[in-house]
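S.K.: Take a look at this one; I'll ask things after.
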Amino acid sequence: MTLFAHDPKELGKAMALYGAAAPAGGTAGVFLGGVFTEWLSWPWVFIIYVPIGAATLVATRLLPAVAPRRGAIDVLGAAAVTAGLALTVFAVVRAPETGWGAPQTVFELIGAAALLVLFFVLQKTVRQPLMPLGVWRVPRLGSANLAMALLGAAWIPMWYFLNLYLQQVLGYGAFASGAALLPMTGLLMVFMTAITARLLARLGAKVLIGGGLLVLAAGLLWLSAVEPSGSFAVDVLPASLVAALGMSLAYIPAMMAAMSGAPAEQAGLASGIVNTTYQIGSALGLAALTALATSQGAGRLGNLPALTDGFSAAFTAAAAVAAIGGLITLLVMRTDMAVAAADAEQESEHSAPGEKAGV
């Protein structure tokens with residue numbers, strides 16, 4: 001992101017392509033996973049990543065050179081935050097089996113909290129922290145990250161449970177269920193590359209993020225009405241396209257909002273934070289909604305009504321998450337004009353680093 005931070009127009013183009021690449025890659029993974037599973041064998045789902053990873057390493061040589069910066073790696077901070085987040089996800093995933101009040105779950109969550117507290121302590125004390133806490137003074141970084149976390153917590157579980165509904169209830173094979181997600185991907189790519197950037201210039205990030213999350217919530221709520229005897233054309237396709245429209249409206253503006261107020265030297269850090277937040281929200285959302293769906297019948301294979309009830313509960317909860325994210329964004333996030341005014345004021349007054357940051 002630092003390659004384009006100096007030019008907002010080029011940054012917008014880069015973010016549009018980046019945003020379109022994410023769903024394209026995700027759908028390709030689901031689609032090709034179905035191909036490998038159906039015509040080869042399931043281990044190929046993991047084997048294929050070896051040549052893909054090697055090709056990616058080779059492709060990095062095509063990237064423009066960036067001036068290196070000297071500095072130490074915050075190994076302890078990286079280890080603490082990684083272990084803390086991983087333990088949190090592990091505890092949430094295991095809780096339906098072990099029990100939310102079981103000693104094991106409680107100790108895991110306490111351990112995760114302690115590791116995350118240690119991370120923030122380290123960020124205040126080490127000379128070159130992994131995430132300097134001063135970055136949170138960037139206008140809208142906090143609200144954009146919250147929106148991105150809730151976006152991931154609603155969007156990724158939708159893909160997961162929609163795939164399960166197609167296979168376990170409607171009887172689709174692995175290949176057919178992957179192909180059924182292609183219309184969503186097509187809509188996402190068209191909107192992200194050709195439309196969202198133009199709407200962002202006209203309406204601003206706040207309106208698109210909040211509105212996009214509410215549209216996503218509407219699509220998820222529509223999906224919650226799935227039936228055991230449903231069909232792709234009636235129960236899945238229209239609702240999934242509405243959800244994809246909401247995602248395409250919110251994703252790039254949330255990324256841009258997180259980075260727009262950051263100085264050039266912190267643009268990469270802001271980008272890394274918001275990407276990490278999306279992944280964390282996705283993991284925690286999927287873990288929590290899987291636990292909810294299982295408790296409502298999603299684990300009873302062969303029982304179509306019970307399976308559908310479990311998936312419907314997950315879609316309903318994901319809709320609530322997206323709606324909460326949309327409302328919080330519309331109520332809390334600064335408008336683009338407010339951020340521009342704050343930046344101008346800071347430049348003119350040469351404000352001190354310790355001043356209060358905007359949301």
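S.K.: Can you tell me which residue among Met333, Met337 is under 23 Å from Leu146 (Cβ atoms), modelled with pLDDT under 95, of a type outside the set (Asp, Glu) and surrounded by 19 or more Cβ atoms within 10 Å (Cβ to Cβ)?
M.R.: Values: Met337 fails: surrounded by 19 or more Cβ atoms within 10 Å (Cβ to Cβ).
Every option except Met333 fails the conditions.
S.K.: Taking only the range 121-141 into account, find how many residues are of a type in the set (Gly, Ala, Ser) and either touching a Leu at 6+ places or on another chain (Cβ under 9 Å) or surrounded by 18 or more Cβ atoms within 10 Å (Cβ to Cβ) (or both).
M.R.: Kept after step one, since they are of a type in the set (Gly, Ala, Ser), are these residues of the range 121-141: 134.
From what is left, the residues that are either touching a Leu at 6+ places or on another chain (Cβ under 9 Å) or surrounded by 18 or more Cβ atoms within 10 Å (Cβ to Cβ) (or both) are none.
Here the count works out to 0.
S.K.: Can you list residue pairs whose Cβ atoms sit under 6 Å apart, with the first residue in the range 138-149 being assigned by TED's automatic domain parsing to the domain that holds Gln279 and closer than 16 Å to Gly211 by Cα and the second being part of a helix (DSSP H, G or I) and of a type in the set (Phe, Trp, Tyr)? Count only pairs 6 or more apart in sequence or on different chains.
M.R.: Going by the 6 Å Cβ cut-off, the qualifying pairs are Met148/Tyr278.
S.K.: Take the residues in the range 218-247 that are farther than 19 Å from Leu188 by Cα and of a type in the set (Ser, Thr, Tyr); name whichever of them is modelled with the highest pLDDT.
M.R.: Among them, the one singled out is Ser224.
S.K.: Would you say Gly204 is on the phi > 0 side of the Ramachandran plot, touching a helix residue (DSSP H, G or I) at 6+ places or on another chain (Cβ under 7 Å) and either surrounded by 19 or more Cβ atoms within 10 Å (Cβ to Cβ) or not assigned by TED's automatic domain parsing to the domain that holds Ile328 (or both)?
M.R.: Criteria met by Gly204.
S.K.: Here's another thing I want to ask about it. I'd like the full set of residues that are aliphatic (A, V, I, L, M) and over 19 Å from Ala322 (Cα atoms), limited to the range 193-219. Show your work before the answer.
M.R.: Start the filter on the range 193-219 by keeping residues that are aliphatic (A, V, I, L, M), which leaves 194-195, 197, 199-201, 203, 205, 207-209, 213-218.
The answer is Ala194, Ile195, Ala197, Leu199, Leu200, Ala201, Leu203.
S.K.: Does Gly171 fit the bill of being free of Cβ contacts under 8 Å to residues at least 24 places away in the same chain and under 24 Å from Phe311 (Cα atoms)? First the steps, then the outcome.
M.R.: On the way: free of Cβ contacts under 8 Å to residues at least 24 places away in the same chain: yes; under 24 Å from Phe311 (Cα atoms): yes.
Yes.
S.K.: So which pairs qualify, if the first residue must be in the range 104-115 and assigned by TED's automatic domain parsing to the domain that holds Val93, the second must be outside any helix (DSSP H, G or I), the Cβ gap must be under 7 Å, and the two must be at least 6 apart or on different chains?
M.R.: Matching pairs, first to second residue: Thr105/Gly99.
S.K.: With a cut-off of at least 1 residues that are aromatic (Phe, Trp, Tyr), name the helices (runs of 4 or more DSSP H) lying wholly within the range 161-268. Show your work before the answer.
M.R.: Working: elements: 174-179, 182-190, 196-203, 205-223, 237-260.
Helices (runs of 4 or more DSSP H) meeting the threshold: 174-179, 205-223, 237-260.
S.K.: Can you tell me which residue is farthest from Ala318 (Cα to Cα) among those in the range 118-137 that are without any contact (Cβ under 8 Å) to a residue 60 or more places away in the chain and outside any helix (DSSP H, G or I)? So that I can check it myself, show each step before the final result.
M.R.: Within the range 118-137, the first condition is being without any contact (Cβ under 8 Å) to a residue 60 or more places away in the chain, and the residues that meet it are 118-130, 133.
Still in the list and also outside any helix (DSSP H, G or I): 126-130.
On the way: Val126: 38, Arg127: 40, Gln128: 38, Pro129: 34, Leu130: 32 Å.
Checked the range 118-137; the qualifying residue farthest from Ala318 (Cα to Cα) is Arg127.
The values are calculated or read from the model by the stated rules, or taken from the named source; none is laboratory data. It should be emphasised that the depicted structure is a prediction, and the values quoted were computed from it without experimental measurement. Every residue, glycine as well, gets a Cβ built from its backbone with ideal geometry; the counts of neighbours run over all protein chains shown.
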